[in-house]
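As structure tokens, the structure follows; a few thoughts come after it.
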Amino acid sequence: MDRITDRNVKKWINRFLAVISDKYSAEKVLLFGIIVGKKFEGINWLKRLRDVSVEWEGLVLLEAICYTPEEFGEKKKEIGIVSEAVKEGIELIARGKICIPANKQM
């Protein structure tokens, strides 16, 4: 089995972020499993997850929660996983721009 290296992980993440950003107009992606994009509007939540999971090529399971900006705005005000992700998650896309922090441990 191939050794998983930081370089491999960064490659998977960068490729995935580029595809998700382009395909779903991702405005925000949190390394906590949350993707926010305008193009999720009108798409069933299960189809969102299935479609996004197809784009992931990493060796670990991806369990993303996909929201429209409006849904995310409401959910982050509630007590639950989304508000916790906003506090604890690492932003990988912010305001539509890939912004992987160099100094964060991933």
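Every number in this text was worked out from the coordinates using simple rules, so none of it is lab data. The structure presented is a predicted model; accordingly, all values stated were derived computationally and were not measured. Every residue, glycine among them, receives a Cβ derived from its backbone with ideal geometry; neighbour counts consider all protein chains shown.
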Could you point to the label whose value was computed as Rg/Rh (Cα atoms, Kirkwood Rh) for the structure here, given [x] 1.08; [y] 0.96; [z] 1.28? [y]
Given +1 on the Cβ of Lys and Arg, -1 on the Cβ of Asp and Glu, and no further charges, what dipole in debye does segment 31-101 carry about its Cα centre, rounded to the nearest 20? 200
Would you list, by chain and number, the lysines whose Cα falls below 17 Å from the Cα of K87, excluding same-chain residues fewer than 8 positions away? K28, K75, K76, K77, K104
Simple spin-label model, 7 Å along Cα-to-Cβ: K39 to A18 in nm? 1.5
Taking only C-alpha pairs under 8 Å that are 6+ residues apart, what is the relative contact order of the chain in percent? 32
Among the lysines, which fall within straight-line cross-link reach of K47, defined as a Cα-Cα distance under 17 Å, with same-chain neighbours fewer than 8 residues apart omitted? K23, K38, K39
How far apart, in nanometres, would the label points at K11 and L59 be if each is projected 7 angstrom from Cα along the Cα-to-Cβ direction? 1.2
Per DSSP, the loop-located GluC sites (Glu not before Pro) within segment 27-106 having at most 15 other beta carbons within 10 Å are E41, E57, E63, E78
Each label point is 7 Å from the Cα along the Cα-to-Cβ direction; what then is the distance between the points at I81 and L46, in nm? 1.6
